[in-house]
Amino acid sequence: MDLGISGRRAAVAAASAGLGLACARALATEGVRVALCGRRPDRVDAAVASLRAAGGDAVGLVADVSDAEGGGAFVDRAAEALGGVDILVTNAGGPPPGTFASTDLAAYSPALELNLLSAVAMCRAAVPTMAERGWGRVVAITSMTVRQPSPTLILSNTARAGVTAFLKTLATEVAPQGVTVNSVQPGLHATGRLKELFGGDLSAAAATVPVRRVGEPDDFGAAVAFLCSEQARFITGAALSIDGGAYPGLM
């Protein structure tokens, strides 16, 4: 299927590895010009090289999107490098684990910067020009903790639920201007981080998923690319679980 986005320009945050890189790869495969970022120059260079080796048009930026200032600056630099941004994929790591009892009040501010305010700043840098042009796509990578809060991830639960509410509100506001805003909530995927946590053997992780396997990052990237497509122009304000059926709820 031709997604109709060849020649568009995308800023993909925290995309030097893992699910972010998979999203950048899926978009580049569709002919999208991609600006990706990461904190380590060597990993950024390797990510860009991998996309170019596959025929993609990509540029790498060393940037830290762990706070609002860094998130907004990344999008500004991506727009400068590409001549504009039509597609924005927000992404960031997660805050430290903890419960209500074990988490100090001071830990909430950095978590909100990382998983809420950074995404808000990226949207503020990208969405107004999308709306002016009458076309744009925003897809935010969040977490399953938005639907099913983890008892040991209170910071992530709080911050990611907040950004989901922000995105839903933004989606309604900019829909008349041809801009769609959605989020994706990944379950377990075969990233380097998951392999590290499970010692390279993902069979135990796979046993917890109804489809009895963990997700492939490239499949996740393909779903994100579809949400950026012309065919997905009537999908906005959605929060899509990509988890192999792991979430047990109805809503």
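Exactly one condition in (1) acidic (D, E); (2) farther than 22 Å from S6 by Cα; (3) touching a Phe, Trp or Tyr at 6+ places or on another chain (Cβ under 8 Å) is false for D86; which is it?
Here D86 clears every test but (2).
Restricting to strands (runs of 3 or more DSSP E) lying wholly in segment 33-141: which have 2 or more residues that are surrounded by 16 or more Cβ atoms within 10 Å (Cβ to Cβ) and in contact (Cβ under 8 Å) with a residue 60 or more places away in the chain?
Values: elements: 33-38, 57-62, 87-90, 136-141.
Where strands (runs of 3 or more DSSP E) fall fully within segment 33-141 and carry at least 2 residues being surrounded by 16 or more Cβ atoms within 10 Å (Cβ to Cβ) and in contact (Cβ under 8 Å) with a residue 60 or more places away in the chain, they are 87-90, 136-141.
Name every residue in segment 182-192 that is touching a residue at least 40 places away in the same chain (Cβ under 8 Å), more than 30 Å from G134 (Cα to Cα) and surrounded by 14 or more Cβ atoms within 10 Å (Cβ to Cβ), in order of residue number.
G187, L188, H189, T191
Among the residues of segment 1-42, write down those that are among the charged types (D, E, K, R) and in contact with a strand residue (DSSP E or B) (Cβ under 9 Å, 6 or more places away or on another chain).
Listed by number, the residues that qualify are R8, R9, R25, R33, R39, R40.
Within segment 204-234, restricting attention to residues that are surrounded by 16 or more Cβ atoms within 10 Å (Cβ to Cβ) and of a type in the set (V, I, T), which residue is farthest from the chain's Cα centre (by Cα)?
V209
List the number of the failed condition for A206; all other conditions in (1) out of contact with any Lys or Arg (no Cβ under 6 Å at 6 or more places or on another chain); (2) more than 30 Å from V179 (Cβ to Cβ) hold.
Failed condition: (1).
Give me the pairs: first residue in segment 156-169 and surrounded by 19 or more Cβ atoms within 10 Å (Cβ to Cβ) and among the hydroxyl-bearing types (S, T, Y), second residue at pLDDT below 95 and part of a helix (DSSP H, G or I), beta-carbon distance under 8 Å, and six or more apart or on different chains, which are they?
Here the result reads S156/T145; T164/V146, each pair linking segment 156-169 to a residue that is at pLDDT below 95 and part of a helix (DSSP H, G or I).
Regarding segment 212-227, can at least one residue be identified that is charged (D, E, K, R) and on the phi > 0 side of the Ramachandran plot?
Of segment 212-227, the ones charged (D, E, K, R) are 212-213, 216, 218-219.
With the extra rule that they be on the phi > 0 side of the Ramachandran plot, the set shrinks to 212.
The answer is yes, given that some residue of segment 212-227 is charged (D, E, K, R) and on the phi > 0 side of the Ramachandran plot.
Could you look through segment 162-181, keep only residues that are small (G, A, S), out of contact with any Leu (no Cβ under 9 Å at 6 or more places or on another chain) and in a helix (DSSP H, G or I), and pick out the one that is farthest from M130 (Cα to Cα)? Full working, then the answer.
Kept after step one, since they are small (G, A, S), are these residues of segment 162-181: 162, 165, 171, 175, 178.
In the following step, the residues that additionally are out of contact with any Leu (no Cβ under 9 Å at 6 or more places or on another chain) were identified as 165, 171, 175, 178.
Narrowing further to those that are in a helix (DSSP H, G or I): 165, 171, 175.
Values: A165: 21, A171: 13, A175: 11 Å.
Of everything passing the filter in segment 162-181, A165 is farthest from M130 (Cα to Cα).
Of the residues A223, A205, A232, only one is part of a loop (DSSP other than H, G, I, E, B) and either touching a Phe, Trp or Tyr at 6+ places or on another chain (Cβ under 7 Å) or within 20 Å of A14 (Cβ to Cβ) (or both); which?
Every option except A232 fails the conditions.
The values are calculated or read from the model by the stated rules, or taken from the named source; none is laboratory data. All values derive from a computational prediction rather than experimental measurement. Note that we place each Cβ from the backbone using ideal geometry, even for glycine, and neighbour counts take in every protein chain shown.
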